[in-house]
Every structure is written in C-alpha cells, then in structure tokens.
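Notes follow the structure.
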Amino acid sequence: MWMELLPAAMSLFGSFMGKEGADQAADSTRMQGQLQRKAAEFTALQLEQRGGMAEAIAQRKARADNLNTDLITSRQLAVAAASGGGASDPTIINMIAKTAAVGASRSAIDLYEGEEQNRLLRLQAAAKRYEGDLGVQASNAKANAYETQGNATLLSGFGSLFAKYGMGGPSKGGPSKGGGVVDNTDTSGDNWF
C-alpha cells in the first residue's frame, strides 16, 4: 500500500518544495530591492552633505575675497594719503572703485559656484533616490514572477496527481471484495422523468 502512495507523496512533496523555493527567491529579491534603496538613500545623503559643504566653503571664500578687497582698498587709501595726494583724487577714486568691483565680482562668482555645485549634487542625490525606487520596483516585479512560478509549480503538481489519482484512479480490474461487480443499469426502459 505504501509503495503505491510513494510516487504521489513524492510528487506532492516536490510541488511544495518548488513553491517554497520560489517563495524564498521572491523574499530574497524583495530584500535585495530594499537594500538597494537603502544604499541609494545613503549615497544621496552623502551627496547632499557634500553639496552643503561646497556651498559653505564658497561662502567662506567669498568672505575672504571681500576681506582681501577691503584690505587692498584700505592700503590704496593709505598709500595715497602718505604720498601727499588726497583720497578724493579722481585717479585714486577710480583705482579703489576698480579694486572694489573686482573683489565684488570674485565674491559673487565664488557664491555662484558654490550654489551651482550644491544644486548639481542635490540633483545627483535625487537621481540616486530615483534609482533606488526603480530597483525596488524591479525587484518587486521579479519577486511577483517567482511567486507566480511557485504557484504554477504547486498547481501543476496537484493537477498531475488529480489526473493520475483523482479521476477514477488507476483501475485494478477484477472482482471487488463483495464477490462481484454490481450492475446498476436499468434496462427496463422505464424512465423516471
């Protein structure tokens, strides 16, 4: 009796193992997507931090340029006064104005470069987050495919068993234990309907 059921049991066990394997592959794939998202988020945070630092460094450089410009214009005034000329001399005023304009230009360029670098790094951070989201979507789609494959394996196993044993099963032939085959066909021709 056990030997007759062994192939069916093994087939059923194999179907369940196929389903379990597909479910584990699906879980692993989903986890991989989540880890990819976490890695992308970590990279995005680093990019944003670098952007903030780049802007802060640019602001510090702009302040240094302003201080340097102030020192140069102050020296120009001191040299002009020491030479006996007046601070209101048109040549001195033009020279100080040009120095101040160059200093302001350098300071503005420093600020712009820092803001631009920060903007670019924030865009890269947003792209990394989007990449992480796409990775999660792709892994979920792949996991769903694994689950579908596992369900198909299970149904296929049940279908095979039903085809072999559930639809009347294999016929052994010969008489039944009761001593013969009972014929229930009505040949009298009377219809009950």
Original post:
Among the residues of the stretch 113-155, which ones are surrounded by 14 or more Cβ atoms within 10 Å (Cβ to Cβ), among the polar types (S, T, N, Q) and more than 20 Å from residue 46 (Cβ to Cβ)?
Top reply: 139, 140, 149, 151, 153
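Residues checked against (1) in contact (Cβ under 8 Å) with a residue 60 or more places away in the chain; (2) surrounded by 14 or more Cβ atoms within 10 Å (Cβ to Cβ); (3) not acidic (Asp, Glu):
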| residue | (1), (2), (3) |
| --- | --- |
| 47 | yes, yes, yes |
| 51 | yes, yes, yes |
| 55 | yes, yes, no |
| 59 | no, yes, yes |
| 67 | no, no, yes |
| 78 | no, no, yes |
| 83 | no, no, yes |
| 87 | no, no, yes |
**OP:** Considering each residue of the stretch 97-121, count those that are charged (D, E, K, R) and over 9 Å from residue 58 (Cα atoms), and give that number.
**Re:** 4
Subject >> Residue identified as at pLDDT 95 or above, within 30 Å of residue 36 (Cβ to Cβ) and in a helix (DSSP H, G or I) among 134, 123, 154 >> reply: 123
**OP:** Those residues that are out of contact with any Gly (no Cβ under 9 Å at 6 or more places or on another chain) and among the small types (Gly, Ala, Ser), I need them from the stretch 118-151; list them, please.
**Re:** 126, 127, 141, 145
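The values are calculated or read from the model by the stated rules, or taken from the named source; none is laboratory data. These numbers were taken from a predicted model, which means no experiment stands behind them. Cβ sites come from the backbone with ideal geometry, for glycine too, and all protein chains shown count toward neighbours.
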